[in-house]
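Colleague: I'd like to ask you about the structure that follows.
Values quoted throughout were computed directly from the atomic coordinates according to the rules given, and no laboratory measurement underlies them. Predicted model, so just to flag it, every value in this text is computed and none were measured. Virtual Cβ from ideal backbone geometry, glycine too; neighbours counted across all protein chains shown.
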Amino acid sequence: MPISVVMPALEMAQESGKLVSWLKKDGDRIVKGEPLLEVETDKAVMEIEAPGDGILAGISAQPGAEIPVGKTIAWIIQPGEVPPADIGEAATGRRIAPDASAKRTAPAAETHVISRELKISPKARRLAKEHGVDLSGLKGSGPEGEILAADVMPAAGTASSPVPVTTGESRSTIARLMAKRVTEAWITVPHFYVVREVNAAGLQSARERSANSVEQSHNPKLTITDLLVAIVAHTLIHHPAMNASWLDGHVQHHPEINISLAMTVEGGVVAPVIHAADKLSLAEIARLRSDLGQRARSSKLRPTDITGGTFTISNLGMFDVDEFTAIIMPPQSVVLAIGRIADRVVVVDGQPAVRPMMTMTLSSDHRIVDGAKAALFMRDLVKAIQLGYGGGGDH
């Protein structure tokens, strides 16, 4: 039986999606689970996997098209089958026979066969297309010889048919989506801000203790961000208003505490989600954060990785930023901006002293959160940070 390839619903209330590109061609043999196409959401560009094994046929949608959720855009068939007659080329009644499909995979055109065998990251594929680079002549530096973006760029200067240079800066899909979303958020969400400084010595001590523990020896290196995810998640348990959304004129409280982490990737920012963060140990949070970061940088995030967030943390401390304000991304109601930890002179018991201080700025949606609620949340968060509390059994 032919298997339909449909435009998936990647987000709540999504009615349509934009097809960015096909990663396979009509007539290609495909295996269930391998990347088949890329779809644009309002958060990122997502790779969609093939729903079955067979031959791709009857492609009826082209890149750039806005397609209703659930609409069939191609079929996966077996040799001897034809896709339903109302889709694509199948309308002509053309049958893809076993020998015909074999002919398609025979080495009649060497570069065609090589391109199917190569492992190519989505970012590398896009860069090669933009710069006219022939991927068949490249040697990949990634795992199992996968061609990465870093392998494509050195060859871009010698490409035979580069894309003509334009006077304006070309923005990536992610950058354009972010520009649209932040503009809408800034216009529609009534922001207000609460700023607190906190002694981060407890955070630093907790990270050092965890880094030296036996449990952490086989896990990714614990970061300040990991500790903050755990501390924020446990603080949110006692402040449900900070873990809510404004939907259709009403406040919706979320039963789960899912922390979105703003991450910089090539061309923009994405915010993958650590689900049920209040129920995870520090080691589990570190593993998830590391895995999400690696997949975000290689454009391999799954739809579930970027949906369901209820609270966002944006940490720019690693860029030596002292403090900043962040824009709320609906339907969330808050975002916490974290600056670097730096030694500063503060008053301790009436005397000047040097302490490792960190500035936090909470942006809140005034339709859900008032000043008192935001201040109380920040008060409890500061207390937890000063104690160096990490959640779970790791502290």
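Colleague: State to the nearest 20 debye the size of the charge dipole of segment 225-317 about its Cα centre, where the only charges are +1 on K and R beta carbons and -1 on D and E beta carbons.
Modeller: I would put it at about 260 debye.
Colleague: Also, I was wondering about something else. Given labels modelled 7 Å from the Cα in the Cβ direction, how far is it in nm from Arg295 to Glu49?
Modeller: Roughly 0.9 nm, to one decimal.
Colleague: Let me ask another. At 7 Å along the Cα-to-beta-carbon direction for both Arg379 and Ala342, put a label point, then send me their distance in nm to one decimal.
Modeller: Spacing of the two 7 Å Cα→Cβ label points: 2.9 nm.
Colleague: Hey, can you rank 365-375, 265-275 by average C-beta count inside 10 Å, highest first?
Modeller: The packing order, highest mean first, is 265-275, 365-375.
Colleague: With the contact rule set at Cα under 8 Å and sequence spacing of 6 or more, what percent relative contact order holds for segment 311-395?
Modeller: 24 percent.
Colleague: If the chain between Gln351 and Arg196 were fully stretched, how many nm would it gain, using 0.36 nm times the residue separation less the Cα-Cα distance?
Modeller: That pair, Gln351 and Arg196, stretches by 53.7 nm at full extension.
Colleague: Report the extension gain between Met318 and Thr264 in nm, rounded to one decimal, defined as 0.36 nm multiplied by the number of residues separating them, less their alpha carbon distance.
Modeller: 18.3 nm
Colleague: From the phi angles alone, apply the Karplus equation (6.51, -1.76, 1.60; θ = phi - 60°) to segment 356-367 and give each ³J(HN,Hα) in whole Hz, x where the residue is Gly or Pro.
Modeller: For segment 356-367, the Karplus curve yields x, 9, 9, 9, 10, 10, 9, 9, 10, 8, 5, 6 Hz.
Colleague: Another question, then. Counting other Cβ atoms within 10 Å, keep those with at most 14, restrict to DSSP loop, and tell me which chymotrypsin sites (Phe, Trp or Tyr not before Pro) in segment 312-384 are left.
Modeller: Those satisfying the criteria are Phe324.
Colleague: Can you run phi through the Karplus equation (6.51, -1.76, 1.60; θ = phi - 60°) for segment 318-325 and list ³J(HN,Hα) in whole Hz, with x for Gly and Pro?
Modeller: Values per residue, Gly and Pro as x: 5, 9, 6, 7, 6, 7, 7, 10 Hz.
Colleague: Further question on the same structure: Give me the one-decimal nm value for the distance between modelled label points at Ser245 and Ala175, 7 Å along each residue's Cα-to-Cβ direction.
Modeller: Spacing of the two 7 Å Cα→Cβ label points: 2.9 nm.
Colleague: Let me ask something else. Place a +1 charge on the Cβ of each Lys and Arg in segment 174-387 and a -1 charge on the Cβ of each Asp and Glu, then give the dipole magnitude about the Cα centre in debye, rounded to the nearest 20.
Modeller: Value, rounded to 20: 340 debye.
Colleague: Over its Cα atoms, what ratio of radius of gyration to 2.2 N^0.38 Å does segment 174-387 give?
Modeller: Relative to the rule-of-thumb radius for its length, segment 174-387 sits at 1.01.
Colleague: Let me ask something else about it. For Asn315, which sequence-distant residues (separation of 5 or more, or a different chain) have an amide H within less than 5 Å of its own amide H, given hydrogens modelled in the peptide plane?
Modeller: Distant-sequence amide H within range of Asn315: Ala262, Ile338.
Colleague: Which pairs break 30 Å Cα to Cα here: Lys32/Lys180; Lys300/Lys373; Lys25/Lys221; Lys25/Lys139?
Modeller: Cα-Cα > 30 Å for Lys32/Lys180; Lys300/Lys373; Lys25/Lys221; rest within.
Colleague: What ranking, highest mean first, results for peptides 344-352, 305-313 when packing means the other Cβ atoms within 10 Å averaged over each residue?
Modeller: 305-313, 344-352
Colleague: Within segment 190-287, which trypsin sites (Lys or Arg not before Pro) sit in a loop by DSSP and count at most 13 neighbouring Cβ atoms inside 10 Å?
Modeller: Counting only loop positions with at most 13 other Cβ atoms within 10 Å, the trypsin sites (Lys or Arg not before Pro) in segment 190-287 are Lys221.
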